[in-house]
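Structure first, commentary second.
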Amino acid sequence: MAKVRILSLNTWKNDGDYDRRLPLIALELSRLKPDIALLQECFVCQETGDDTTAYLAGEIGMDFVFDPSRQKLRTHRGSEMMSESGLAILYRGSLLDKNVLLLPSSDMGGERIALRASLEIQGLRTCVVCSHFSHIRGEVSIRSRQIDLSFAEALGDSKSDISVLGGDFNCEPNSEEVELALSNHVPFNNALSFVGCSDATCPLPPSRTRRNRQIDQVWVSDSGDGRPKIVDAGVAMNRPVGDPPLFPSDHAAVWVDLELT
């Protein structure tokens, strides 16, 4: 019986206290011990050498694939610098294949991509897709199409034992856009809903002006015969840590444990 833990986290670019937050994320990832980590808003600044993905992978001893996106000027340590906010997949195992899918987007929503990796983890062929969908509330149609194509990408590796889509959906599991996208595909189970977890994931800390919602999700394809089996799932990094206490990100992490014979 093989068990695989998959985690998703929006790392919040270089916002907040970036230099203090990054080690806290690494510490929490070390504690959670994922086999695969799907990361969004991974900050890269060539001018300063800052690279969220490379730092985290190095600290916890994982390999990774990364694709940059959303290049623009951002304020970093008090100065305007050109930087990127990309997607990354950290993993323990072997990389078999990867692909970057350009998703439909708008000028307001900005560039959107899906990063797919086919991996061998504990003898299991695992296809994972990491995505970050439009944050514009009114872009229901665009977001639904983005989710639809990402689900299709997760199912693109027909040899996979496990197919997973995770990331920052910017909408909740029972939203119109998710339901529209799911209607086009074989069943997927939302990990948190499957175990009855209704914890919100963003924003952290909760805000009076922004409703705290469960917009970070991990979906697992259901073959119909109970494989893979969702053993457990939950939310992590939703409490301040360190001294003085600090939230690792403005998003919580979502994790799921899968079991497969």
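Every number here is computed from the coordinates shown, using simple stated rules; none is lab data. Because the structure is a prediction, the values reported are computed rather than measured. When we count neighbours, we look across all protein chains shown, and the Cβ atoms used for this are built from the backbone with ideal geometry, even at glycine.
Descriptive notes on the structure:
- Pairs meeting the criteria (first residue in segment 126-150 and in contact (Cβ under 8 Å) with a residue 24 or more places away in the chain, second residue of a type in the set (S, T, N, Q) and assigned to a helix (DSSP H, G or I), beta carbons under 6 Å, at least 6 apart or on different chains) are Val129/Ser150; Ser131/Ser150; Phe133/Gln146.
- In segment 79-126, the residues that are in a strand (DSSP E or B) and in contact with a helix residue (DSSP H, G or I) (Cβ under 6 Å, 6 or more places away or on another chain): Ala88, Leu90, Leu101, Ala114, Arg116
- Test for Ser221: is it among the polar types (S, T, N, Q), surrounded by 13 or more Cβ atoms within 10 Å (Cβ to Cβ) and farther than 27 Å from Asp15 by Cβ: yes
- If only residues of segment 1-27 that are out of contact with any Pro (no Cβ under 6 Å at 6 or more places or on another chain) and charged (D, E, K, R) are counted, the one that is surrounded by the most Cβ atoms within 10 Å (Cβ to Cβ) is Lys13.
- In segment 39-67, the residues that are outside any strand (DSSP E or B), buried (at least 19 other Cβ atoms within 10 Å of the Cβ) and out of contact with any helix residue (DSSP H, G or I) (no Cβ under 9 Å at 6 or more places or on another chain): Thr53, Ala57
- Failed criterion for Phe247 (all others in (1) surrounded by 19 or more Cβ atoms within 10 Å (Cβ to Cβ); (2) touching a Gly at 6+ places or on another chain (Cβ under 7 Å) hold): (2)
- Complete set of residues in segment 28-51 that are of a type outside the set (A, V, I, L, M, F, W, C), without any contact (Cβ under 8 Å) to a residue 40 or more places away in the chain and over 23 Å from Gly242 (Cα atoms): Gln46, Glu47, Thr48, Gly49
- Extreme residue, surrounded by the fewest Cβ atoms within 10 Å (Cβ to Cβ), among residues of segment 94-125 that are among the charged types (D, E, K, R) and more than 21 Å from Met62 (Cα to Cα): Asp107
- Residue within segment 129-138 that is of a type outside the set (Lys, Arg), surrounded by fewer than 24 Cβ atoms within 10 Å (Cβ to Cβ) and assigned to a helix (DSSP H, G or I) present: no
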